[in-house]
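Below is one structure, written out as structure tokens; comments come after it.
The values are calculated or read from the model by the stated rules, or taken from the named source; none is laboratory data. Bear in mind that the values here come from a model prediction, so they are computed numbers and not experimental data. Cβ atoms come from the backbone with ideal geometry, glycine included; neighbour counts cover every protein chain shown. For accessibility, only protein heavy atoms count, side chains too; no ligands or nucleic acids. Shrake-Rupley method; radii C 1.70, N 1.55, O 1.52, S 1.80 Å.
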Amino acid sequence: MKSHVETITARIKTDILEGKVGQYNALPNRRALAAQFKTTVDTIAKVLVNLEVEGLVVKGSGRSMLVNTPKARVTTSGEIFRDVMAEEGHSVKVEHLATPGIIEASLEIARMLHIAPGTLLIERKRREIIDGVVYRYSRKFYLADLVPAESLAAMQADYTYNVRDVIEAQRPVVRIEERIFARAISDKAEAEILGTIKGAPVLEQWMLNYDEQKRVLWISMVVFNATRFVKRYDYAPEDAPKLSSFVKDENYE
């Protein structure tokens, strides 16, 4: 016979996998769960440990627990993400977070583009919602002198318009530099964009696209809702590379 902890764990696990739990991807607090299942906070603490071990929840800010529903592995970079999801039968929605338009380069973006602050750029901001859940949002900065007025109008009218082809017809991309880091959401506005809470984990990816003259043509910044992705490895745990193999290799630099 299952213990009380096992029974509650199974109930919450089923609800998570069926998408029935977690406003803003967060579980109710421990007292609320204890009241719901007519048990003690200590029992709920044990349940949460079980769910965390299974990878179904992760710690958020404070004592909050965030839903971490396992998902199939997909390539998260590139515009094909939404197409992959649609082909697998998921409901896909893309939203403009702002109408694409002309802005002046901030100091940070100017440094990445190797241009003067205040240089005119085209900014595009969108988010992708899969089965009602926000998976990611993006900000892209294109050099305005490479985007004709008619292309900007097309971007404003159609979120799928591929302005990259317009730019690459002038200056082909020959190198892409990628920068990735993990962090937690500290801004309320960003939490609202991703439909989650402050403190939730995200994966931030920057991609700098260079032409053969080493000029950065555009920058892509994509923030992924980390609670919707599971870290995977391409090798079995016992085959993981060891640091010592690099340290002992005299040719390693």
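Its Cα centre serving as origin, the stretch 138-197 has a Cβ charge dipole (Lys and Arg +1, Asp and Glu -1) of approximately 240 debye. Relative to the current alpha-carbon distance between ALA32 and ASP145, full extension at 0.36 nm per residue lengthens the span by 35.1 nm. Projecting label points 7 angstrom from Cα along Cα→Cβ for GLU6 and ASP131 puts them 2.8 nm apart.
Mind giving me the FRET efficiency for PHE181 and GLN213? R0 is 22 Å, r the Cβ-Cβ distance, nearest 0.05 is fine. FRET efficiency, PHE181 to GLN213: 0.20. ASP42 exposes around 120 Å² of accessible area when a 1.4 Å probe is run over every protein chain in place. Modelled spin labels at ILE103 and ARG164, positioned 7 Å past Cα toward Cβ, are 2.0 nm from each other. Exposure check, 1.4 Å probe, all protein chains in place: GLU87 carries approximately 150 Å² of accessible surface. Note on ALA86 and LYS59: the extension gain reaches 6.7 nm, defined as 0.36 nm multiplied by sequence separation minus the Cα-Cα distance. Annotation: extensible slack from ALA157 through VAL174 equals 3.2 nm (criterion: 0.36 nm per residue apart, minus Cα-Cα distance).
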